[in-house]
1. Scanning for something within 30 Å of Asp126 (Cβ to Cβ) and either of a type outside the set (Val, Ile, Thr) or assigned to a helix (DSSP H, G or I) (or both), does segment 31-50 turn up at least one residue?
2. Which ones in segment 156-190 are closer than 25 Å to Ser24 by Cβ, more than 18 Å from the chain's Cα centre (by Cα) and open to solvent by less than 50 Å² (accessible area, probe 1.4 Å)?
3. Within the set of pairs 6 or more residues apart or between chains, which connect a residue that is under 13 Å from Asp75 (Cβ atoms) and in contact (Cβ under 8 Å) with a residue 24 or more places away in the chain inside segment 125-139 to a residue that is in a helix (DSSP H, G or I) and open to solvent by 20 Å² or more (accessible area, probe 1.4 Å) with Cβ atoms less than 8 Å apart?
4. Quick check on segment 117-144: of everything there that is surrounded by 15 or more Cβ atoms within 10 Å (Cβ to Cβ), among the hydrophobic types (A, V, I, L, M, F, W, C) and assigned to a loop (DSSP other than H, G, I, E, B), which residue is modelled with the lowest pLDDT?
5. Answer yes or no as to whether Val153 is open to solvent by less than 30 Å² (accessible area, probe 1.4 Å) and modelled with pLDDT of 90 or more.
6. Only one of (1) open to solvent by 20 Å² or more (accessible area, probe 1.4 Å); (2) within 29 Å of Arg110 (Cα to Cα) fails for Leu58. Which number is that?
7. Any idea which of Ser12, Ser66 is under 28 Å from Gln167 (Cα atoms) and among the small types (Gly, Ala, Ser)?
8. So Arg101 fits all but one of (1) loosely packed, with under 13 Cβ neighbours inside 10 Å; (2) under 30 Å from Leu131 (Cα atoms); (3) of a type in the set (Lys, Arg); what number is the exception?
Amino acid sequence: MVDPALASNTRSRTRQAILSAACSVLAHNHTATLPEIADAAGVSRTTLRRYFPDRDSLMNAAVQDSLDALERSVDEAALDQGPPLEAMRRLVAAMVAVGDRLMFLFGDDRVLEGHEAPDDLESPADPVIALIERGQAEGVFDPEVSPGWIQRVLWGVVYTGCEDADQGRLPRHGVASTVIRTFENGIRAR
């Protein structure tokens, strides 16, 4: 007899492996097939179809899982703690750590079609906007540029760093430091 807790744990790990592989494969090739995703996840096509019977169900789950991963990364960066510049550096490192998720979600406009969009970029409830505003108030970030603009530039630089690492133009271990240096030199108050 199989222990139900063990079976549930195995099922959860398998599901997560499929979703992680899907995001990684689809970040690089938005037309990847289910068999290619199954191979990357190390599962059979039958197993993949048991969890996700069709491409739409897999895509929906991968989008939601990626949005959740991004939210967790932002939460774990503790943006409300410490000096703004240090918090921004933690945020960059957290975003780079989920680079495949960013590339999957934002590398093709069609991925988020039909899904609830991430929080409004300029919402005061957005912890990144709150960090930027705090940094502006403390004279660390340029107060003459809107918080929304700074956030979009941040996402663009992080995405570009992840993409460059993926294409071999930048070593993976150097992405966060390169993004931080580029970003800080562009937004620091002078």
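1. From segment 31-50, those within 30 Å of Asp126 (Cβ to Cβ) are none; that's our starting set.
Checked segment 31-50: no residue is within 30 Å of Asp126 (Cβ to Cβ) and either of a type outside the set (Val, Ile, Thr) or assigned to a helix (DSSP H, G or I) (or both).
2. Filtering segment 156-190 for residues closer than 25 Å to Ser24 by Cβ gives 156-180, 182-183.
From the residues that got through so far, the ones that are more than 18 Å from the chain's Cα centre (by Cα) too are 168-171, 182.
Within segment 156-190, Leu170 is the sole residue that qualifies.
3. Close Cβ pairs (under 8 Å, with a partner that is in a helix (DSSP H, G or I) and open to solvent by 20 Å² or more (accessible area, probe 1.4 Å)) amount to Pro127/Val74; Pro127/Asp75; Val128/Val74.
4. My answer is Leu121.
5. Working: open to solvent by less than 30 Å² (accessible area, probe 1.4 Å): no; modelled with pLDDT of 90 or more: yes.
Taking the combined requirement at face value, the residue does not satisfy it.
6. Of the numbered conditions (1) open to solvent by 20 Å² or more (accessible area, probe 1.4 Å); (2) within 29 Å of Arg110 (Cα to Cα), the odd one out for Leu58 is (1).
7. Details: Ser12 fails: under 28 Å from Gln167 (Cα atoms).
Among Ser12, Ser66, only Ser66 is under 28 Å from Gln167 (Cα atoms) and among the small types (Gly, Ala, Ser).
8. Status for Arg101: all satisfied but (1).
The values are calculated or read from the model by the stated rules, or taken from the named source; none is laboratory data. Values in this document were obtained by computation on a predicted structure and should not be read as measured data. When we count neighbours, we look across all protein chains shown, and the Cβ atoms used for this are built from the backbone with ideal geometry, even at glycine. SASA here: full protein model, heavy atoms, side chains in, ligands and nucleic acids out. Shrake-Rupley method; radii C 1.70, N 1.55, O 1.52, S 1.80 Å.
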